[in-house]
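Before any comments, here is the structure.
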Amino acid sequence: MNSPVEMEKKFQVHGEGLKHFLKSKNFVSSKVIVDEYLDTPDGLFYQDGIFIRVRNGKSLDFKFNPNHLGAKGVNEHIVCHEYNVALPFDVSSCHVFETLQKMIQIKCPNPYTYDEFLKVNNLQTLLILNKNRTTYGDDIFIISVDEFADFGVFLELEVKNNNMSQETFLQKVEEATKDLTVKAFNSGYIELRLRQINEPLYLKGKYLIDLDMAV
């Protein structure tokens, strides 16, 4: 299994500087991404900073920071672990659930099917997010520009070298964005949507938008 660690930083984009910033980057791809987020009826995984999603109907993804599980007051969403299971399920991916069960309250289905996975873990659709993602690259970052019809435009910088220290990563991010009109965004897109459609659950989340931290 490849290293599950990701280190990334998101920004909400304002102004016109992004086009100039991207001129020196290498275009990789442009695509529509549909993320279906899954959770218990009470949103228990979301509340502990565990995000379970189906991406474009092809991959079941689990994202969380193991150091934040059960913790309070950790509104910093830079490092996470991501584990993926291809859809439809194949027995070759059973080891992913074996790894996850050591960290979070997730059950491996038997029989090993997606429908049984939903059933044994009491999961249902929490929300669906659609975005246009354009990806670029340079020597340091995987650069994603995410465009939402109702949220605006976001820039995500993900480090290519996961052995880089978080301090160095943040320094590199600051250097890369110094000429951009952007605002750091510490939560995720799921929080933005929940804030619109289910504020009581949103406020129980681990990674709230900065202006809501005092609520």
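The values are calculated or read from the model by the stated rules, or taken from the named source; none is laboratory data. Small disclaimer: the values here were computed from a predicted structure and weren't measured. A quick note on method: Cβ atoms are made from the backbone with ideal geometry, for glycine too, and the neighbour counts reach across all protein chains shown.
Among the residues of segment 100-111, which ones are surrounded by 15 or more Cβ atoms within 10 Å (Cβ to Cβ) and either part of a strand (DSSP E or B) or not aliphatic (A, V, I, L, M) (or both)? Reasoning before the result, please.
Start the filter on segment 100-111 by keeping residues that are surrounded by 15 or more Cβ atoms within 10 Å (Cβ to Cβ), which leaves 100, 104, 106, 108-109.
If the condition is that a residue be surrounded by 15 or more Cβ atoms within 10 Å (Cβ to Cβ) and either part of a strand (DSSP E or B) or not aliphatic (A, V, I, L, M) (or both), then Cys108, Pro109 are the ones that fit.
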Q. Which of (1) surrounded by 14 or more Cβ atoms within 10 Å (Cβ to Cβ); (2) not in a helix (DSSP H, G or I) does Asn122 not meet, given it meets every other one?
A. (1)
Q. In segment 12-26, what residues are surrounded by 11 or more Cβ atoms within 10 Å (Cβ to Cβ) and within 14 Å of Ile142 (Cα to Cα)?
A. Phe21, Leu22, Lys25, Asn26
Q: All but one of (1) within 24 Å of Met164 (Cα to Cα); (2) part of a helix (DSSP H, G or I); (3) touching a residue at least 40 places away in the same chain (Cβ under 8 Å) hold for Val96, so report the exception by its number.
A: (1)
Q: Take segment 99-120 and flag every residue that is closer than 16 Å to Arg55 by Cα and touching a residue at least 60 places away in the same chain (Cβ under 8 Å).
A: Leu118
**Q.** For Asn132: the one exception among (1) among the polar types (S, T, N, Q); (2) exposed (fewer than 14 other Cβ atoms within 10 Å of the Cβ); (3) in contact with an Asp or Glu (Cβ under 7 Å, 6 or more places away or on another chain)
**A.** (2)
Q) Could you list, in sequence order, the residues of segment 197-215 that are without any contact (Cβ under 8 Å) to a residue 40 or more places away in the chain, loosely packed, with under 15 Cβ neighbours inside 10 Å and either touching a Pro at 6+ places or on another chain (Cβ under 8 Å) or not acidic (Asp, Glu) (or both)? A) Pro200, Leu203, Leu211, Ala214, Val215
Q. Say we look at segment 173-186 and pick out the residues that are out of contact with any His (no Cβ under 6 Å at 6 or more places or on another chain) and either charged (D, E, K, R) or within 18 Å of Phe64 (Cα to Cα) (or both); which of these is surrounded by the fewest Cβ atoms within 10 Å (Cβ to Cβ)?
A. Lys178
Q: Residue by residue through segment 68-93, note down the ones that are assigned to a helix (DSSP H, G or I), surrounded by fewer than 12 Cβ atoms within 10 Å (Cβ to Cβ) and either touching a strand residue (DSSP E or B) at 6+ places or on another chain (Cβ under 8 Å) or not small (Gly, Ala, Ser) (or both).
A: Val91
Q. Looking at segment 151-189, which of the residues that are outside any helix (DSSP H, G or I) and without any contact (Cβ under 8 Å) to a residue 24 or more places away in the chain is farthest from Cys80 (Cα to Cα)?
A. Lys178
Q. Do the conditions hold for Val91, that is, is it more than 15 Å from Gly188 (Cα to Cα) and touching a helix residue (DSSP H, G or I) at 6+ places or on another chain (Cβ under 6 Å)?
A. no
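For every residue, the table says whether it meets (1) in contact (Cβ under 8 Å) with a residue 60 or more places away in the chain; (2) under 30 Å from Pro88 (Cβ atoms); (3) of a type in the set (A, V, I, L, M, F, W, C).
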position	(1), (2), (3)
Gly17	yes, no, no
Lys25	yes, no, no
Leu38	yes, yes, yes
Asn56	no, yes, no
Asp61	no, yes, no
Phe64	no, yes, yes
His68	yes, no, no
(Q) So the check is Cβ under 6 Å with 6+ separation or different chains; which pairs have a first residue in segment 121-132 that's closer than 21 Å to Asn110 by Cα and at pLDDT 95 or above and a second one that's of a type in the set (A, V, I, L, M) and assigned to a strand (DSSP E or B)? (A) Leu123/Leu38
